[in-house]
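> Before I ask anything, let me first share the structure, which is written out below as structure tokens.
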Amino acid sequence: MELTRRSFLGIAGMAGVAAAGAGLAGCAPASTGTSAQDASNDGDGAKGGVTRQAVATYTCDVCICGAGNSGLSAAVEAAQQGLGVVVLEKHGGTGGGGIGTEGVFAVNSKMQQDAGIAIEPAEVIATEMSYSHNRANGLKWLDLIEASGENISWLQDCGVNFTGVVDDYHGGLFETFHWFGENRAHDDFSPAMTATAQELGVQFLLNCPATDLVLGEDGAVAGVYAQKLNGDYVQVNAKAVVLATGGFANNDEYLQEGGFSDTTNVKRFLYGYDGDGVRMAIEAGGASNIPRMSGLMQLTVSGAPGGEYGTYGRGDGLVVAGHNACSLWINEDGERFCAESAGVENWMSDMIPSLMHQKLFSIYDAKIFKDAYDGMIAPRLDWAATQEELKQRIEENPHDDFFSADTLEELAQKASSALDLDYDTVIASITTYNEMCDAKRDAYFGKPAEYLQKLENPPFYFCYMPQSCMVTFGGIRTNRKMEVVDKNGQPVPGLYSAGVDSADLWPNIYTINVPGGTNANNINSGRFASKSAAEYIGSSKAGSVSSEGDTSESVPDVSWSMPESALKDGVYTDTQFGMFSDITVTVTVEGGKIAEISQENELETTYVGQAAMENTLIPAVIEQQTPAVDTVSGATRTSDAFRTAVQTCCEQAVS
């Protein structure tokens, strides 16, 4: 079978290449901005800044906001530069959205040399620049490539585990992908980088997201405010700040500014990525790059079979059928509006035409569905099981957005009635499209004849495909030193950004041509930001962290306990939102005790979320007869959702 970029939809784990965060590339001239020695560090507020009443104060050289792949890289590099480092992290553990990354891009690494792989750097850069019509930052690509081989050696020195395999990641254009182990960055990157940082004296404040920058009277950055889960603020006085907060996939306003048209229904797969870093940079005088954003963005479907998160990983079912180049797409007015083959070479391109419209509906027949399924490399389910899921979806139609019929007229009538579409327009679009397929000529949008497949094989399907976003790239404008710059290109003194917050290698569309590029940028820009910060701070560095006040940990104020009354026998169900999607938990009570627990989810990762519930949490709850069991490391959000659902089921059993 010929492997194309579209085939990625059938490869388990594409989510890993997706989620990410940050990196460096050699020395550069010192900043022309205000020096750190001249910047106020009393944290008393600033021009346009805010003042918070803090219960604790930390004093360090550099504060890094975010502990994903970019933040961890920045933290280790900063500590190796002799700086005192505090890391603020919104979540309860390190790794962030990057725990699913499967590897790293590099050119001229020792692993590649040992494997006899030779790549001309200019070919990589020319490919990326050409695809973006030269909108990508070519100098940052050059910096990244020149540093990438050494970055691999540096990661190995930090304890990061690589399998030693270097390849093209299932059909990329270059053999640049350096694989982590089976459980990805969750096991092979994050723990090692966290441990290395801690050994070097880095202090992590978890469950403590940055909220506001502390600015001096001259506008130089002098620190960060952060907030514990109980509402208390802490103040981190720092000579420099690195923003590595993971983008703005959960911020509707920024997504709209970046071109999304259907944010009311957009599907997200990570939580907490609200654009905090972008907001803080703009408030400090930095320029916005939001209109040039890109990211892991795709058309999806709501729920099974194969929807939502499956768009990026376990793609199957309605997702691959709706994306298929032979399908027919119409908008909210019932009109066809583009060649549906937009994503043949790059499936990140599938969603782009929809940005000009409020809705996208895909229409296809049984043959297109089966052909799409057969084209997958590693389908999540076999064909029979997929058909069972499809049958259930048709019967239940929980989202009132998927329809099937044995005639196109009946299909158009069902969909038009349910979705408030004009039937005459819809059926005219279908009829005209079929006539073009008969003629093997798309007279409107020029779709290649090989994809003009007439809709004539019942049953026929009609599916609403909302926009989705896993992670955004870009938002903060930076220079090659990863300094945040204003609209005139001048640095905001003491402020840096790394990772996807400021990634400008893929303007407007992610190319997925260079395997591992996002994570390589995460690591590289994190290192680069910290080296630049060290140069900016210079001889005034303290090399340590001090603190005073209430420095107790920020912990979730949630208790899980059994109801005082006896449980009534029966079966009870509750649904909570986990790391990626809804988790439905069913608790069976027999003899007044929890006898069995099962869970269902469409999207949780098998190696983290599902493993946490099935291998650890469920046995522990049954054994201890209480949901008050410890969180599984790396699966805090999933653990909390599971325990809340169990407690709710137990409360139902006594109501």
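> To one decimal place, what orientation-averaged projected area in nm² is obtained for the convex hull of the Cα set of segment 490-624?
Mean projected area of the Cα convex hull: 15.1 nm².
> Please give the net charge around VAL76, taking every other residue with its beta carbon less than 11 angstrom from that of VAL76, where Lys and Arg add +1 and Asp and Glu add -1.
Surrounding charge for VAL76 is -2.
> Normalised radius of gyration for segment 452-514, please: alpha carbon Rg relative to 2.2 N^0.38 Å, two decimal places.
1.91
> Please get the size of the charge dipole for segment 100-154, origin at its Cα centre, with Cβ charges of +1 on Lys and Arg and -1 on Asp and Glu, quoted in debye to the nearest 20.
Dipole about the Cα centre, nearest 20: 140 debye.
> Which value, in nm² and rounded to one decimal, describes the direction-averaged projected area of the C-alpha convex hull of segment 146-217?
8.4
> Just to confirm a number: summing +1 for Lys and Arg and -1 for Asp and Glu over residues other than VAL571 whose beta-carbon lies under 13 angstrom from that of VAL571, what do you get?
It works out to a net charge of -3.
> Can you pull a Stokes-Einstein diffusion coefficient for segment 38-189 at 20 °C (1.002 mPa s), Rh from Kirkwood over Cα pairs, as a whole number of µm²/s?
It comes out at roughly 118 µm²/s.
> Just the number, please: percent antiparallel of the DSSP beta bridges in the chain, rounded to the nearest 5.
70
> With every protein chain kept in place and ligands, DNA and RNA left out, what is the accessible area per residue of the chain? Probe 1.4 Å, answer in Å².
Counting only protein heavy atoms, the per-residue value for the chain is 36 Å².
> Would you mind counting up the charge near TYR271? Only other residues with Cβ under 10 Å from its Cβ, with Lys and Arg at +1 and Asp and Glu at -1.
+2
> Further question on the same structure: Heads up, I need the accessible area for CYS326: 1.4 angstrom probe, whole protein in place, Å², nearest 10.
20
> Same structure again: How many percent of the alpha carbon pairs in segment 368-479 exceed a separation of 22 Å?
When all Cα pairs of segment 368-479 are counted, 51 percent exceed 22 Å.
> With each label point set 7 Å from Cα along the Cα-Cβ vector, what nm distance links TRP383 and ASP630?
4.8
> If you don't mind, another one. Within the accessible area of the chain, what % is carbon and sulfur when the probe is 1.4 Å and the other protein chains stay in place?
Result for the chain: 46 percent of the exposed heavy-atom area is carbon or sulfur.
> Rounded to the nearest 500, what is the chain's calculated 222 nm mean residue ellipticity when only DSSP H runs of at least 4 contribute -39500 (n - 2.57) each, over all residues?
The helix-only estimate for the chain comes to -8500 deg cm²/dmol at 222 nm.
> What figure, in Å² to the nearest 10, do you get for the accessible area of SER190 with a 1.4 Å probe and non-protein molecules left out?
Only protein atoms counted, so the area is about 10 Å².
> For helix 408-419, report the angle its Cα long axis makes with the longest principal axis of the Cα atoms of the chain; keep it between 0 and 90° and round to the nearest 10°.
Roughly 40 degrees, rounded to the nearest 10.
> Say the dipole of the chain comes from +1 at the beta carbon of Lys and Arg and -1 at that of Asp and Glu; which of PHE402, ILE145, TRP383 then lies farthest toward its positive end?
ILE145
> Test of understanding: what is the full-extension gain from SER559 to VAL165, defined as 0.36 nm times their sequence separation minus their Cα-Cα distance?
137.4 nm
> Beyond 21 Å between alpha-carbons counts as too far, so tell me which of LYS140/LYS487; LYS391/LYS454; LYS414/LYS447; LYS110/LYS531; LYS267/LYS359 fall in that bin.
Too far apart for the 21 Å limit: LYS391/LYS454; LYS414/LYS447; LYS110/LYS531.
> Here's something else I'd like to know. Evaluate the charge dipole of the chain about its Cα centre and quote only its size in Debye, nearest 20, assuming +1 on the Cβ of each Lys and Arg and -1 on the Cβ of each Asp and Glu.
About 1380 debye.
> Using only the alpha-carbon atoms, how far is helix 69-80 inclined from the longest principal axis of the chain? Give it as 0 to 90 degrees, nearest 10.
Around 20 degrees separate the two axes.
> Which value does Rg/Rh take for segment 166-253 over its C-alpha atoms, Rh per Kirkwood?
Rounded to two decimals, Rg/Rh equals 1.10.
> Which of the trypsin sites (Lys or Arg not before Pro) found in segment 559-637 are loop residues per DSSP with 16 or fewer other Cβ atoms within 10 Å of their Cβ?
Of the trypsin sites (Lys or Arg not before Pro), the ones in loops of segment 559-637 whose Cβ has at most 16 other Cβ atoms within 10 Å are LYS568.
> Per residue of segment 383-394, in order, report the coupling 6.51 cos²θ - 1.76 cosθ + 1.60 (Karplus, θ = phi - 60°) as ³J(HN,Hα) in whole Hz, putting x for Gly and Pro.
Calculated HN-Hα couplings, in order: 5, 4, 5, 4, 5, 5, 4, 5, 4, 5, 4, 5 Hz.
> Still on this model: For ALA195 paired with SER544, estimate the spin-label separation in nm (one decimal), with each label point 7 Å from Cα along the Cα-to-Cβ line.
According to this spin-label approximation, the distance is 2.7 nm.
> Continuing with this model, one more query. Stokes-Einstein D for the chain at 20 °C, 1.002 mPa s, Kirkwood Rh over Cα pairs, in µm²/s?
Roughly 83 µm²/s, to the nearest whole number.
> Run the dipole for segment 220-268 about the Cα centre, Lys and Arg Cβ at +1, Asp and Glu Cβ at -1, nothing else charged, and hand back the magnitude in debye, nearest 20.
Here segment 220-268 has a charge dipole of around 260 debye.
> Rounded, prolate or oblate: which one fits segment 202-296, using the alpha carbon gyration tensor with axes a ≥ b ≥ c (rounded when a/c is under 1.5, else prolate when a/b beats b/c, else oblate)?
Oblate, since a/c reaches 1.5 and b/c is not below a/b.
> While we're here: Quick one: how many Å² of HIS399 are accessible to a 1.4 Å probe, rounded to 10?
90
> Pop out the Kirkwood hydrodynamic radius of segment 549-643 from its pairwise C-alpha distances, inverse of mean 1/r, in Å to one decimal.
That comes to 14.1 Å for segment 549-643.
> Could I ask something else about it? What base-10 log of the normalised intensity I(q)/I(0) is obtained for segment 387-440 from the Debye formula, alpha carbons as equal point scatterers, at q = 0.23 Å⁻¹?
-0.89
The values are calculated or read from the model by the stated rules, or taken from the named source; none is laboratory data. Not measured: the values here are computed from a predicted model. Reconstructed Cβ throughout: ideal geometry from the backbone, glycine too, with neighbour counts over all protein chains shown. The area values use the complete protein model at the heavy-atom level, side chains included, leaving out ligands, DNA and RNA. Shrake-Rupley method; radii C 1.70, N 1.55, O 1.52, S 1.80 Å.
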